[in-house]
1. If each residue's Cβ is checked for other Cβ atoms within 10 Å, how do Val25, Val167 rank with the fewest at the top?
2. Please list the radius of gyration and Dmax for segment 298-393, considering alpha-carbon atoms only, with Å as the unit.
3. Rank by packing, highest mean first: peptides 354-366, 378-390, with packing defined as the count of other Cβ atoms within 10 Å averaged across residues.
4. Cut-off 13 Å, label point 7 angstrom out along Cα-to-Cβ of Gln19: give me the residues of segment 91-106 whose amide nitrogen falls inside.
5. Using the per-residue mean of other Cβ atoms lying within 10 Å as a proxy for protection, in what order, highest first, do the peptides 369-376, 206-213, 107-114 fall?
6. Farthest toward the dipole's positive end in segment 104-150, which of Thr137, Ser125, Phe105, given Cβ charges of +1 (Lys, Arg) and -1 (Asp, Glu) about the Cα centre?
7. Through the Karplus equation 6.51 cos²θ - 1.76 cosθ + 1.60, θ set to phi - 60°, convert the phi angles of segment 160-172 into ³J(HN,Hα) values in whole Hz; use x for Gly and Pro.
8. Could you please tell me the mean projected area of the C-alpha convex hull for segment 184-402, averaged over all directions and given in square nanometres to one decimal?
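Coordinate-derived values only; no laboratory data. On a predicted model such as this, the values are computed, not experimentally measured, just so you know. Neighbour counts are summed over all protein chains in view; Cβ atoms, including those assigned to glycine, are modelled from backbone coordinates with ideal geometry.
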Amino acid sequence: MSQEKYLMTPKLHSISHNQSRILIVSMREVAKLVGFCSLYEFEDVICDADAADMLTPLSTDDGIVRKIYKLAKYLTNSKKLANFLVPGTNPYFIEQEYELFFPVFNSPFELFALHAFKNWRQKCSQAVCYIDEFWETYLQPSSLYFLEYLKDFDHIFLGNKNSVEAVAKITGRPCSYLPPGIDTLKFCPYPQLPHRSIDVSYLGRRSPVTHQALLEYAQQQQIFYYYDTIKVSGTKNAAKQQTFAVNNAREHRILFANLNKRSRYFFANRARINEAEATKNKQEFGPRFFEGAAAGAVLIGDPPMTEEFYKHFDWPDAIIKVPFDAPEIGEIISDLDSQPERLARISRDNVVNTLLRHDWVYRLRTVFETIDVKPSQIMLAREAKLKKLAYEIQHTSNASLVN
């Protein structure tokens, strides 16, 4: 396969130079589950906030070729020889020079995609990667060959805090935790303030106990309960997920943001809450909390009981804690409905705090500061816009955000 099997999307901004300084590698054309869309949103914000090109493989040599490489590496104990023995792997040669190489992966199992990029280290002054979901259970001896592809990076960022130390030790490279974020400008309900016509939203994996209770409560109270009704087959642990594929990640996030801005209550639970065998009871949190808070919905759910989570959600009533299995959820919602002033404050605080602290541009700043890259003027302008918007909301009547 030739370079025609890759999609190059230039995102050029006329700042202090005439070409892009960042090269992003995105898996959006080969990994289309809805849960991956948040990460692709991060990539889009990078492109909007800086001068970046996005390189997207249209297919991957993820099956037999990866198995051949794995076997060759095991038999020879040589990465160089294993690379030689692998059949044609659709090489991609980067033509221009970049200040930063920035591939973004949903999990470490996508790292083999780097096998096709032959000269990224020579063409890019610095290189970092972000791996969103990286549980310690992924660090099995049979899978460690993936991590060889990380040893040439200047810094590795992970979306799971509990794996940082182990990955740093195995790769010998600096490794840091980078929490999820959100495009707050897309999810912010201000200044349009759409009517919150959806009473309760519960998307993604869910408790069947709580879901059944909400179905009954919605029927009794004649409220609008919004939930997923489809899921894909053939997905690992599909019975414990509520997932599906999307055609276009950007379009889905627009739709998702509009739904959330119209929701009064929004469920968010700790990551993979119903898969203890996968998490080994290590608690993490994903983007769901940010997606609800940024839209001004009242968060309800079972969050991780970790210092890291409460560092990011440390304001009063950031989440209304209820057990994952909550048969009494109707009573809890009815009680909250009797406190309109509290709900108004929660909505405002959720929006303001996400604007000031959790936009994806702040995560990009963390990456830049870690490797000593200067922010672009567009990036600084976005930060200023977020602060201005937060100030305006803080000086707006509480009730107007929960219309």
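1. Values: Val25 24, Val167 21.
The order, fewest Cβ neighbours first, is Val167, Val25.
2. 17.1, 51
3. Values: 354-366: 21.8, 378-390: 16.3.
Most protected by this proxy first, the peptides run 354-366, 378-390.
4. 94-100
5. On the way: 369-376: 14.8, 206-213: 17.6, 107-114: 20.1.
Final packing ranking: 107-114, 206-213, 369-376.
6. Ser125
7. 10, 5, 5, 9, 4, 4, 5, 5, 4, 5, 6, 8, x
8. On the way: hull surface 53.8 nm².
Directional mean of the projected Cα hull area for segment 184-402 stands at 13.4 nm².
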